[in-house]
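What follows is a short report on a single structure.
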Amino acid sequence: MVEGAPVGGFQVVVVGSANVDLEVRVPRWPGPGESVIASTSERFPGGKGANQAAAAAKAGGARTALISAWGSDADAALLEAFLRQAGVDTSAVRTVDCPTGMAIVMVDPEGANVVTVVTGANGRVELGDGDLELIAQSRVVLAQLEVPVPVVAQAAAAARAAGTIFVLNAAPTAVLPPELLKNVDVLVVSQHGARELAAQHFGMYSTDDPSLLRALQRVVPSVVMTRGVEGSVVAEAGQDPEVVRVLPVEPVDHTGAGDTFDGVLAARLAKGATLSEAARAATAAASISLTRPGAGPSIPDAREVALALATGQVPPAG
Ligand code: RIB
């Protein structure tokens, strides 16, 4: 791996959401019209953008800035403290006249989750001249889809114009304009998301992963298909797809594991790693995240990721 100095101020710029998660642990999913009793409820820092930025900085060791928006409320203060502690620069986060985004997260005994997001201030994320400059001067821009899609498209176009690597985590599922996809260098997408995108862009209705990957690679050269606790498939132009498996773990909570993956992937790419090397480090970090409750608090530090990579095991907490 080649360690790259940042071209400008930051190695990674994340454009994305910041939420406070109200996470409840349920014995099973309630059906429509049904109530279940949760065993615990906790508030955690979260939001795909904030989680990914924290992962890039803390677990990936990259100089990272977040472009986002939050309200002037207690949730914003919680998020700001979390991001600062993770080493993320928050000077490009706007304070807007709207409540900070929130998510209601239900987690079952196996650690699987169901998430409902209230967009709030995330719907007011926009890119000013200073933000476009940040993007142009960074090595990697990472975005997801909890902020307006036109803003993500603008970030992708700015990254392409500057020669900055643009990584899109296409979650949650949304309709994506073809011109956005054309400016993506690395697409990280779940199996479900890949099916949606293949249907949207190619009228293709397939459940066959290799066919889906080949279809998406007609537009985006590098695609990482995530498959939950099974790991991911890394597909790069001209190479056979590579399966990267999650380390042996007993998952406690899946929330934030995908974001940890994305943030570390971006950080490693910014430092000159190949996509395959970056995916291995990202998987090690995500494996650790799976063993811890909450989104933001589950993100490991760089020492833990190095240990997991070296041993193939998730290190004990602490
Ligand atoms: O990916 C997990 C995140 O999705 C949670 O932190 C929640 O806020 C939602 O944005």
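Below is a table of values for the structure above.
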| item | result |
| --- | --- |
| Cβ-Cβ under 6 Å pairs, at least 6 apart or on other chains, segment 291-315 side farther than 16 Å from Pro251 by Cβ and assigned to a loop (DSSP other than H, G, I, E, B), far side within 16 Å of the ligand (Cβ to nearest atom) and modelled with pLDDT under 95 | none |
| Ala282 vs. criteria within 16 Å of the ligand (Cβ to nearest atom), among the small types (Gly, Ala, Ser) and either in a helix (DSSP H, G or I) or closer than 20 Å to Gly228 by Cβ (or both) | yes |
| Every residue from segment 94-124 that is under 17 Å from the mean Cα position of the chain (by Cα) and away from the ligand (no atom under 13 Å from the Cβ) | none |
| Which numbered condition Ala65 misses (of (1) within 16 Å of the ligand (Cβ to nearest atom); (2) part of a strand (DSSP E or B)) | (1) |
| Residues (surrounded by 17 or more Cβ atoms within 10 Å (Cβ to Cβ) and either within 13 Å of the chain's Cα centre (by Cα) or more than 15 Å from Gln191 (Cβ to Cβ) (or both)) located in segment 229-253 | Glu236, Leu247, Val249, Pro251, Val252, Asp253 |
| Selection from segment 47-62 of residues that are more than 14 Å from the ligand (Cβ to nearest atom) and either among the polar types (S, T, N, Q) or at positive phi (or both) | Gly61 |
| Residue pairs meeting the criteria (Cβ under 9 Å; at least 6 apart or on separate chains; first closer than 10 Å to Val24 by Cβ and at pLDDT 95 or above, in segment 105-120; second polar (S, T, N, Q) and assigned to a strand (DSSP E or B)) | Val105/Asn113; Val105/Thr116; Met106/Asn113; Met106/Thr116; Val107/Asn113 |
| The one condition in (1) touching a Lys or Arg at 6+ places or on another chain (Cβ under 9 Å); (2) within 16 Å of the ligand (Cβ to nearest atom); (3) among the aromatic types (Phe, Trp, Tyr) that Phe44 fails to fulfil | (1) |
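The values are calculated or read from the model by the stated rules, or taken from the named source; none is laboratory data. All of these numbers come straight from a predicted model, not from anything done at the bench. Neighbour counts run over all protein chains shown; Cβ positions are idealised from the backbone, glycine included.
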